[in-house]
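Just below is one structure, and these are the notes that go with it.
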Amino acid sequence: VFFLVSPEYNTFKKLRVELGEKKAEFNAEFDYYAEITKAYFNLKNRQADLEKIDSALPEDPKLGQLVYFFQKTAAENGMLVKDLFLSKSSSASSSKADNINERVFSIDLIGNYSSLGNFLVSLEKSARIFEVTSISFGSESSGIVETYNFNLQIKTHSY
């Protein structure tokens with residue numbers, strides 16, 4: 001018994017400990033991959049939210065789309081775009097990981113105060129992030145309806 005059973009029993013104990021370690025390692029890896037799978041499906045379910053975030057801070061700044069957006073939004077709010085140009089384009093961050101580009105547009109609009117307020121509310125409600133940095137205006141009387149010339153400096157960001 002001492003020479004035959006005892007060595008086999010010691011080997012059996014050692015293999016049982018190794019089996020316990022392997023089971024613990026397997027369970028840890030299984031839990032890890034289960035968390036990754038859960039996070040993946042959570043992101044898949046929030047695809048619409050991610051698309052909104054991408055449209056708020058796009059990778060590729062398409063200037064034509066921005067110009068069209070400004071013109072369309074102004075027209076919807078009873079204003080006329082007289083002039084629109086890119087004032088400044090620069091990188092707002094110094095590190096490569098946070099490479100966010102900043103673009104400043106100068107927009108000359110014609111309209112009344114209420115249409116300017118509606119235009120600003122439309123910019124605020126849009127999915128894209130806009131920051132109005134300055135507003136200046138001058139009056140231009142045209143008969144019964146008073147219209148004003150507005151100059152807005154609007155800042156937007158992209159990757």
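The values are calculated or read from the model by the stated rules, or taken from the named source; none is laboratory data. Just so we're clear, the structure is a prediction, and the values are computed from it rather than from any experiment. Heads up, the Cβs are rebuilt from the backbone with ideal geometry, glycines too, and the neighbour counts pull from every protein chain shown. With ligands, DNA and RNA removed, areas are computed over all heavy atoms of the protein, side chains included. Shrake-Rupley method; radii C 1.70, N 1.55, O 1.52, S 1.80 Å.
Quick rundown of the values:
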| item | result |
| --- | --- |
| Residue, nearest to ASP49 (Cα to Cα), within the stretch 131-159, restricted to residues that are surrounded by 16 or more Cβ atoms within 10 Å (Cβ to Cβ) and aliphatic (A, V, I, L, M) | ILE154 |
| Every residue from the stretch 112-130 that is buried (at least 16 other Cβ atoms within 10 Å of the Cβ) and either on the phi > 0 side of the Ramachandran plot or part of a helix (DSSP H, G or I) (or both) | SER115, LEU116, ASN118, PHE119, LEU120, SER122, LEU123 |
| Subset of the stretch 88-111 that is within 14 Å of ALA75 (Cα to Cα) and open to solvent by less than 30 Å² (accessible area, probe 1.4 Å) - its residue that is modelled with the lowest pLDDT | GLY111 |
